[in-house]
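Q: Once you've had a glance at the structure underneath, I'll fire off some questions.
Every number in this text was worked out from the coordinates using simple rules, so none of it is lab data. For clarity, every value in this text was computed on a predicted model and none was experimentally measured. Heads up, the Cβs are rebuilt from the backbone with ideal geometry, glycines too, and the neighbour counts pull from every protein chain shown.
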Amino acid sequence: MITHPVAARLLAGLERVILGKTERLELLLVGVFAEGHVLMEDVPGVGKTTLARALARSLDLDFKRVQFTPDLMPADITGAAVLHPEDGRFEFRPGPAFTHVLLADEINRASPRTQSALLEAMSERQVTADGVTRALPRPYFVVATQNPVDYQGTYPLPEAQLDRFLLRIELGYPAADRELEMLYAQQTAHPLHDVQPVLDAEGLIELQDAVRRITVEPKVGRYIVALTHATRRHPELALGVSPRGTLALFRASQARALLAGRDYVTPEDVQALAEPALAHRIGLLPQAEYGGRSPSQIIAQVMDGLPVPT
């Protein structure tokens with residue numbers, strides 16, 4: 001899918017670290033170019049954290065990692081005022097949120113109070129502490145990892161938190177041949193150490209601005225709106241896609257078009273991104289959940305019921 005020269009180089013570097021997951025890596029780059037946050041959900045040990053580190057190295061951006069634990073406090077993320085005993089003066093000491101790329105590792109192991117510390121940063125690119133609002137640098141995006149919610153020691157992410165992630169990605173287990181290749185690729189050194197910067201902050205901002213100039217024909221825009229509105233009327237859903245979700249699908253479709261070397265969005269862009277952009281934003285009614293239905297199935301059903309613009 002990716003033909004944009006810079007994005008293709010980024011993808012090639014990431015593929016040397018995470019083998020056999022080209023489609024998932026492309027989604028990650030869509031999230032970055034669309035200036036959105038990405039949630040990677042999967043079982044431990046499939047490379048979520050390694051992928052986030054490789055992305056930060058490829059982009060030559062400031063990178064900070066926070067390991068979310070049950071005793072983590074909001075100030076451990078956003079920062080806090082520190083007292084200077086010699087003169088009784090308080091000075092704000094920024095937390096790890098003040099960076100370009102923030103890895104929120106195992107985000108659902110922290111309490112809901114701590115999870116909420118990222119809401120303002122993710123939505124408004126700013127942090128308010130001690131009554132003072134401080135802007136975060138640009139580019140800024142959060143890559144969060146989480147274990148499945150039925151694992152021990154996890155707290156489900158609230159709907160407001162999930163809604164701030166542009167895309168949700170599942171890496172999945174590698175195929176047997178790829179896993180064997182991974183063993184020998186890491187026999188003497190980890191491929192992460194060989195990742196070279198491809199893009200800097202200024203170059204990434206230029207591409208993010210270019211994404212916003214990608215043409216979206218009105219019929220494609222109406223298709224996006226029809227898709228999200230259909231989730232709000234679906235009989236098996238208690239929660240439909242929010243307007244923020246509509247905008248997320250719109251922006252992600254623009255980024256996918258740019259990565260594919262086009263200056264316009266097609267319905268295929270929308271269809272390819274509907275599940276990763278929308279499935280985590282909807283809530284199933286209990287009878288649908290107990291009946292074995294999944295959010296991904298609902299999104300697929302909604303798309304099947306809509307006419308595709310030509």
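Q: If every alpha-carbon in the range 133-257 counts as one equal scatterer, what log10 I(q)/I(0) does Debye give at q = 0.17, 0.19, 0.22 1/Å?
A: -1.22, -1.26, -1.31
Q: Let me ask something else. Mind checking which of PHE92, PHE68, PHE250 has the largest fluctuation in a GNM of the chain, springs on alpha carbons under 10 Å?
A: Highest fluctuation of the listed residues: PHE92.
Q: Would you mind getting me the FRET efficiency between ALA189 and ARG89? Use the beta-carbon distance for r and R0 = 41 Å, nearest 0.05. Each step should come with its number before you reach the end.
A: Numbers: r = 47 Å, r/R0 = 1.16.
In this case the efficiency is close to 0.30.
Q: Set the Förster distance to 25 Å, then compute FRET efficiency between ASP200 and VAL132 from the Cβ-Cβ distance, nearest 0.05. Provide the component values of the computation, followed by the final result.
A: Values: r = 29 Å, r/R0 = 1.18.
Once the sixth-power term is evaluated, E becomes 0.25.
Q: Provide the gained length on full extension for the span SER123 to SER294, in nm with one decimal, where the gain is 0.36 nm per separating residue minus the Cα-Cα distance. Don't skip to the end; give the middle numbers.
A: On the way: separation 171, 0.36 × 171 = 61.56 nm, distance 2.68 nm.
Full extension from SER123 to SER294 adds 58.9 nm.
Q: Which percent of the Cα-Cα distances in the chain go past 24 Å? Spell out each step's value before the answer.
A: Values: 26611 of 47895 pairs.
Roughly 56 percent, once rounded to a whole number.
Q: Between the range 125-175 and the range 295-310, what's the alpha-carbon centroid distance in Å?
A: Here the answer is 27 Å between Cα centres.
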